[in-house]
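Worksheet: one structure, shown below.
No lab work stands behind these numbers, since they all come straight from the coordinates. Quantities reported herein were computed from a predicted structural model and do not represent experimental measurements. All Cβ positions, even for glycine, are placed from backbone atoms using ideal geometry, and neighbour counts span all protein chains on display.
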């Protein structure tokens, strides 16, 4: 998966994480949503945030692809957080 545009990726990831936790998902499962990894494959910001059905379809894919996407999303989120705190 190649990053096209990271604008809003951290916000998207955080929003989906909070929503998933509010739904009662465990932290690990909530993080699996890997929304930031999906979002960064399209240019734009709020208008390209995926709907839940799209995220669920993405998660239905191979476990290896999901693990790589989640890892990338975490790295992007961590880098963005580091920049904000610097």
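Computed on alpha carbon atoms, what radius of gyration and Dmax characterise the stretch 9-85, expressed in Å?
For the stretch 9-85, the Cα-based Rg and Dmax read 11.8, 35 Å.
Can you tell me the length gained on complete extension of the stretch residue 78 to residue 22, counting 0.36 nm per residue apart and subtracting the Cα distance?
Answer, rounded to one decimal: 18.0 nm.
Once label points are set 7 Å from the Cα along Cα→Cβ at both residue 6 and residue 45, what is their separation, rounded to one decimal in nm?
Label at residue 6, label at residue 45, 1.7 nm between them.
How much mean residue ellipticity at 222 nm does the chain get from its helices, if each DSSP H run of length 4 or more adds -39500 (n - 2.57) and you divide by all residues, to the nearest 500 deg cm²/dmol?
-19500 deg cm²/dmol
Between residue 60 and residue 14, how high is the FRET efficiency from 1/(1 + (r/R0)^6) when r is the Cβ-Cβ distance and R₀ = 22 Å? Nearest 0.05.
Calculated transfer efficiency: 0.45.
In what sequence, highest mean first, do 10-22, 45-57 appear when ranked by Cβ atoms within 10 angstrom? Please report the intermediate quantities before stating the final value.
Working: 10-22: 17.2, 45-57: 12.8.
Averaged packing, sorted descending, gives the order 10-22, 45-57.
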